[in-house]
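This is the structure I have questions about; it appears just below.
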Amino acid sequence: MDLIAIALAALGFISIIGSIFIWNIKKGETAEEKAHAERFGIFIGLWAPTFFALAVLAKVM
């Protein structure tokens with residue numbers, strides 16, 4: 001289970017980095033495109049707490 005916990009924690013960190021990366025590369029020229037990039041980055045970033053919680057759960061079990 002330790003390997004699963006490590007993998008899930010890594011996915012949490014990747015989610016944080018990925019959200020920042022996506023937010024930066026998806027920026028458009030119009031206000032609507034910028035808002036979409038921001039929302040999409042936040043959406044990806046919201047996965048991080050789930051992955052961290054699953055990592056803790058996998059570690060406990």
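The rows are residues; the columns are (1) surrounded by 12 or more Cβ atoms within 10 Å (Cβ to Cβ); (2) at pLDDT 90 or above.
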| residue | (1), (2) |
| --- | --- |
| D2 | no, yes |
| A10 | yes, yes |
| F13 | yes, yes |
| I20 | yes, yes |
| G28 | no, no |
| A48 | yes, yes |
| A53 | yes, yes |
| L57 | yes, yes |
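Tell me, which helices (runs of 4 or more DSSP H) wholly within the chain include 2 or more residues that are among the acidic types (D, E)? Steps first, answer last, please.
Working: elements: 2-25, 31-45, 47-60.
Ranges flagged: 31-45.
The values are calculated or read from the model by the stated rules, or taken from the named source; none is laboratory data. Remember, predicted model here, so these are calculated numbers, not experimental data. Cβ coordinates were reconstructed from backbone atoms using ideal geometry, including for glycine residues, and neighbour counts include every protein chain displayed.
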